[in-house]
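K.L.:
Quick one: the structure is below, questions incoming.
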Amino acid sequence: MSAPDFYFAVNSTARHIHDEYGMDVLVDYWRSLGKEYYSKRVTDWRDGGPLAIAEDWGQYFLQEPGAVVEVTADVDSVGLDVRVCPAIKHLRDSGREIVPYFCEHCDHTCGSMAEHAGYKFSRSGGMGSCHQVIFRDHAAKG
């Protein structure tokens with residue numbers, strides 16, 4: 001990405017879809033992004049495992065202005081310690097009203113990506129800093 005004004009579009013798109021069509025349609029949109037738009041990343045995650053996922057996120061956040069993120073990995077999981085979310089920071093610094101469900105885009109988009117790669121996703125925190133974990137879904141292999 002590396003174009004912080006893109007965050008304006010993410011925020012506005014979420015608001016428009018939510019207000020015009022409802023939360024269920026917005027969630028479907030986010031999940032479709034994870035499955036379809038990011039299908040190459042999903043394949044790389046599935047094929048490469050946690051180290052590939054960690055490398056992918058590390059490279060991703062290097063391109064995001066203002067991001068302060070630590071990425072860790074072990075044989076079954078990847079952790080993202082998002083100390084400064086670049087999207088929330090840019091929206092706040094620009095005086096934008098942030099939709100209260102903004103962080104849910106990670107839950108559904110990244111959750112869909114993880115699911116299609118054979119992993120699960122969880123997030124705690126939000127609206128500027130959070131902790132995300134992508135962990136191997138042993139049941140998916142069975």
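K.L.:
Considering the stretch 89-142 alone, what residues qualify as being of a type in the set (Asp, Glu) and either out of contact with any Lys or Arg (no Cβ under 7 Å at 6 or more places or on another chain) or at pLDDT 95 or above (or both)? Walk me through it before giving the result.
P.N.:
Of the residues in the stretch 89-142, the ones of a type in the set (Asp, Glu) are 93, 97, 104, 107, 115, 137.
The answer is Asp93, Glu97, Glu104, Asp107, Glu115.
K.L.:
Checking the conditions here, which among Ala14, Ala9 is without any contact (Cβ under 8 Å) to a residue 40 or more places away in the chain, part of a helix (DSSP H, G or I) and of a type in the set (A, V, I, L, M)? Break it down into steps so the answer makes sense when it comes.
P.N.:
Details: Ala14 fails: without any contact (Cβ under 8 Å) to a residue 40 or more places away in the chain.
After ruling out the rest, the residue left standing is Ala9.
K.L.:
Of the residues in the stretch 34-75, how many are within 12 Å of His116 (Cα to Cα) and not in a loop (DSSP other than H, G, I, E, B)? Break it down into steps so the answer makes sense when it comes.
P.N.:
Going residue by residue through the stretch 34-75, those that are within 12 Å of His116 (Cα to Cα) are 34-36, 38-47.
Filter once more, so that each one left must be not in a loop (DSSP other than H, G, I, E, B): 34-36, 39-47.
Residues in the stretch 34-75 being within 12 Å of His116 (Cα to Cα) and not in a loop (DSSP other than H, G, I, E, B): 12 in total.
K.L.:
Limited to the stretch 70-87, what total is found for residues that are over 20 Å from Lys120 (Cβ atoms) and of a type outside the set (Lys, Arg)?
P.N.:
Here the count works out to 5.
K.L.:
Still on this model: Hey, among Tyr38, Tyr21, which residue is farther than 16 Å from Gly125 by Cβ, surrounded by 15 or more Cβ atoms within 10 Å (Cβ to Cβ) and out of contact with any His (no Cβ under 6 Å at 6 or more places or on another chain)? Steps first, please.
P.N.:
On the way: Tyr21 fails: surrounded by 15 or more Cβ atoms within 10 Å (Cβ to Cβ).
After applying the criteria, what remains is Tyr38.
K.L.:
Could you give me the residue pairs with C-beta distances under 6 Å whose first residue belongs to the stretch 111-126 and is at negative phi and in a helix (DSSP H, G or I), whose second residue is of a type in the set (A, V, I, L, M) and modelled with pLDDT of 95 or more wherever it lies, and which are 6+ apart or on separate chains?
P.N.:
Close Cβ pairs satisfying both conditions: Met113/Val42; Ala114/Ile134; His116/Val42.
The values are calculated or read from the model by the stated rules, or taken from the named source; none is laboratory data. Not measured: the values here are computed from a predicted model. When we count neighbours, we look across all protein chains shown, and the Cβ atoms used for this are built from the backbone with ideal geometry, even at glycine.
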